[in-house]
1. Check every DSSP H run in the chain and write down those whose alpha carbon atoms cover 15 angstrom or more along the long axis and whose mean Kyte-Doolittle hydropathy is 1.0 or greater.
2. Regarding the chain, what whole-number volume in Å³ per residue does the convex hull of its Cα atoms give?
3. Which value, in Å², gives the accessible area per residue of segment 1-81 when a 1.4 Å probe is used on the protein heavy atoms?
4. Sort Trp28, Trp54 by heavy-atom solvent-accessible area, probe 1.4 angstrom, most to least.
5. Kirkwood hydrodynamic radius, segment 1-60, all distinct C-alpha pairs: what's the number in Å?
Amino acid sequence: MPYEVAKYYVLDEHSRIPEMQMISKSTWDKLSADDQKIIKECALESAKIERALWSEKEAAAEAKVKEAGSVITTLEAGEKEKFQAAMAPLYAQFGAGYENIIKTIQEK
């Protein structure tokens, strides 16, 4: 079990496992506008369900490792912003052309 080798956890929100829904452009372009609309609506709805299920699993996993004796640490106020400030130069260095996507992710 993970808590047997990692007794200490920091909940710093630095990562998120993305559950992507993808379709090739050539396939997408073959669909009717109505079908594209249905797929977009279903994708948005299923993403909401996925996030809710993910939250439930995270809570259960956290309870399990706490029960097993692991120590869970959360960041104090302002600590997350320190991490973000330290990463800012990397966005400038490697994020050229993706500024809008980066901004959207940061706002969520």
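1. none
2. Taking the convex hull of the Cα positions in the chain, it is 166 Å³ per residue.
3. 86 Å²
4. Values: Trp28 50, Trp54 80 Å².
Of Trp28, Trp54, the descending order of accessible area is Trp54, Trp28.
5. On the way: mean 1/r = 0.0678 Å⁻¹.
Radius from the Kirkwood sum: 14.7 Å.
The values are calculated or read from the model by the stated rules, or taken from the named source; none is laboratory data. For clarity, every value in this text was computed on a predicted model and none was experimentally measured. Protein only, heavy atoms only, side chains kept; ligands, DNA and RNA dropped before computing areas. Shrake-Rupley method; radii C 1.70, N 1.55, O 1.52, S 1.80 Å.
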